[in-house]
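Inspection log for the structure reproduced underneath, given as structure tokens.
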């Protein structure tokens with residue numbers, strides 16, 4: 001029996017939403033809980049599709065590249081998904097590009113997928 005394929009789900013840490021560095025800064029309380037629920041649903045969807053997945057939550061750039069590189073060096077991933085919060089917010093375009101380069105450098109074998117957005 002072969003091992004399940006692996007996936008890393010990269011996304012902004014919902015606990016940082018209220019700090020004002022995101023278009024989600026207006027969210028608070030219930031909205032943050034909804035973001036955590038959306039991440040759990042993403043994990044569940046990948047698991048249901050047969051993936052062994054883990055979340056790779058990042059900040060707004062202070063440590064995002066280093067944290068992502070460390071995760072990619074610690075384990076091989078077949079697929080890396082970069083969430084919509086990073087990809088669709090114009091203010092995070094540079095961070096999105098930098099993370100994409102980190103993924104290409106440290107996991108060239110991984111398929112790259114992009115999140116469509118959630119709650």
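Values as computed for the structure displayed
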item: Tensor-based shape of region 6-114 (alpha-carbon gyration tensor, a/c under 1.5 rounded, otherwise prolate or oblate); result: oblate
item: Cβ-Cβ FRET estimate between residue 59 and residue 31, R0 fixed at 25 Å, reported to 0.05; result: 0.85
item: Whether region 58-119 is rounded, prolate or oblate, judged on the alpha carbon gyration tensor where a/c under 1.5 counts as rounded; result: oblate
item: Mean Cα-pair separation over length for region 40-119, i.e. relative contact order, pairs under 8 Å, 6 or more apart, %; result: 33 percent
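Throughout, read-outs are computed from the coordinates displayed, never taken from laboratory work. Because the structure is predicted, anything quoted here is derived from the model rather than measured. Neighbour counts are summed over all protein chains in view; Cβ atoms, including those assigned to glycine, are modelled from backbone coordinates with ideal geometry.
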